[in-house]
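Visitor: Dropping the structure in here first, questions after.
The values are calculated or read from the model by the stated rules, or taken from the named source; none is laboratory data. Quantities reported herein were computed from a predicted structural model and do not represent experimental measurements. Note that we place each Cβ from the backbone using ideal geometry, even for glycine, and neighbour counts take in every protein chain shown. Side chains included, ligands, DNA and RNA excluded: accessible areas come from the protein's heavy atoms. Shrake-Rupley method; radii C 1.70, N 1.55, O 1.52, S 1.80 Å.
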Amino acid sequence: MRVHSVFVSLSVLLSACASKQVPPLQQYVLGMGRAEYRDYGGAKALCEAEPRWLTDELSSINGVLSRFLSNTESAHSPEALAHTEHLALLEEASRTLGPVLEIHDRNLRALPTCGFHRTGAFPDIARRGAALVKDARARLEGASGALAAAELQQAQQKWEVEAPAREAQAKQTWCSANAQVGSGDLYFARQYPNGRIEWLFCDGLMVEQLPEGEPTLVTPEWISRRDRRRIQPRKYLDAAKAYPSEEIDRRPGSDSGAGTEAAAR
């Protein structure tokens, strides 16, 4: 009879343990931050968790979020010394942090239904966690803007560095070896970030248009007085006017219509 009672008690205990399945422990790494957590899926499983384990898990994610916020503060500030590192971490978080953030938020929201939620470190963990989740979501929402701004800045820097090569290639393509002064052959046009536009000709002349100004012909001083007689300003101005606006070399992000209206008149 005693053996039967022990068997029944053991069966009940094993049945209770089977119904109380613990969610698997998961790991998350973000930059130098590491955390272990569980997706409890709701209040029932969360409140059945071992409080000491739960304390460590929630604190672990709080720590990662705190490190994330601290190490992405300069992601929107290209002039900051840590901008590159902070932007890289923000980019990584934009790909991986979202699902973990949702699980942590769900666990924190379920915590007040547990009988132990006012004990130990849980009150502080809950308050800190709620603030971190809110701030982390805001940081992630602004990630696309910071990443797009950084991508544009890189494209603009590349445009600046490669500008001489583009101009040289155009000259080699469109100009003859011995271009005659007065030919009016146009080979390249560029608009600078300040709005100034220049149209370059194979014979060394240039049409220039300043912001809010009219196109004017610029003749280099080295051109002789005899060669100057062959120059017909209208030919150069008309060539600049006819040059397709969409083919003007512009820095990425520039207004393609800025400064070209006067040239079109």
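Visitor: Restricting to DSSP H runs of at least four residues, report the calculated mean residue ellipticity at 222 nm for the chain, -39500 (n - 2.57) per run over all residues, nearest 500 deg cm²/dmol.
Guide: Counting only the DSSP helices, I get -17500 deg cm²/dmol.
Visitor: Under unit Cβ charges (Lys, Arg +1; Asp, Glu -1), what dipole magnitude, rounded to 20 debye, does the chain have relative to its Cα centre?
Guide: 440
Visitor: So if I place +1 on the C-beta of Lys and Arg and -1 on the C-beta of Asp and Glu, and nothing else carries charge, what would the dipole magnitude of segment 126-265 be about its Cα centre? I want it in debye, nearest 20.
Guide: In debye, rounded to 20, segment 126-265 gives about 260.
Visitor: How about Lys158: which lysines have a C-alpha closer than 30 Å to its C-alpha, ignoring those fewer than 8 places off in the same chain?
Guide: Result set, ordered by chain and number: Lys171, Lys241.
Visitor: Largest first, how would Met32, Met206 line up by accessible area (1.4 Å probe)?
Guide: Output order, biggest surface exposure first: Met32, Met206.
Visitor: In addition: Which one, Pro220, Leu97, Gly41, is farthest towards the positive end of the dipole of the chain when Lys and Arg carry +1 and Asp and Glu -1 on their Cβ?
Guide: In the chain, that residue is Gly41.
Visitor: Give a residue-ordered list of calculated ³J(HN,Hα) values for segment 148-163 (Karplus: 6.51 cos²θ - 1.76 cosθ + 1.60, θ = phi - 60°; whole Hz; x for Gly, Pro).
Guide: Per-residue couplings from phi come out as 5, 5, 5, 5, 5, 4, 5, 5, 5, 5, 5, 4, 4, 5, 8, 4 Hz.
Visitor: With an 8 Å cut-off on Cα pairs and a minimum separation of 6 or more residues, tell me the relative contact order of segment 142-234 in percent.
Guide: Across segment 142-234, relative contact order equals 19 percent.
Visitor: Mind listing the long-range amide H neighbours of Val218? Cut-off is under 5 Å, sequence gap 5 or more, other chains count too, H placed in the peptide plane at 1.01 Å from N.
Guide: Met206, Val207, Glu208
Visitor: Still on this structure, please answer the following. With both partners inside the chain, how many of the DSSP beta bridges are antiparallel, as a percent to the nearest 5?
Guide: 90
Visitor: Counting only protein heavy atoms and a 1.4 Å probe, tell me what percentage of the chain's accessible area is made up of carbon and sulfur.
Guide: Of the solvent-accessible surface of the chain, carbon and sulfur hold 53 percent.
Visitor: For Glu214 and Ser70, compute 0.36 nm times the residue count separating them, minus their Cα-Cα distance, and round to one decimal in nm.
Guide: So the chain would gain 46.8 nm between Glu214 and Ser70.
Visitor: Another one. What lysines does Lys44 reach when the alpha-carbon gap must be under 20 Å and sequence neighbours fewer than 8 apart in one chain are set aside?
Guide: Candidates past the 8-residue exclusion: Lys20.
Visitor: Turning to a different aspect of this structure: Using each residue's phi in segment 196-211, evaluate 6.51 cos²θ - 1.76 cosθ + 1.60 at θ = phi - 60° and report the 3J(HN,Hα) Karplus result to the nearest Hz, with x for Gly and Pro.
Guide: Going residue by residue, I get 5, 10, 10, 10, 9, 10, 4, 8, x, 7, 8, 9, 10, 10, 7, x Hz, with x marking Gly and Pro.
Visitor: Here's another thing I want to ask about it. Could you state how much accessible area Leu87 has, in square angstrom rounded to the nearest 10, with a 1.4 Å probe and all protein chains kept in place?
Guide: Accessible surface of Leu87 is approximately 20 Å².
Visitor: Let me ask another. Report the relative contact order of the chain, percent, no decimals, based on alpha-carbon pairs under 8 angstrom and at least 6 residues apart.
Guide: 13
Visitor: Additional query: Using protein chains only and a probe of 1.4 angstrom, how many square angstrom of Lys44 are accessible, to the nearest 10?
Guide: In the full protein context, Lys44 sits at about 140 Å².
Visitor: In addition: I'd like the distance between the alpha-carbon centres of segment 54-132 and segment 195-238, rounded to an integer number of Å.
Guide: Rounded to whole Å, the Cα centres lie 61 Å apart.
Visitor: Ordered by residue, what ³J(HN,Hα) values in Hz, to whole numbers, does segment 219-232 give under the Karplus form 6.51 cos²θ - 1.76 cosθ + 1.60, where θ = phi - 60° and Gly and Pro are x?
Guide: Once rounded to whole Hz, the list reads 10, x, 5, 6, 6, 5, 5, 5, 5, 4, 5, 8, 7, 10.
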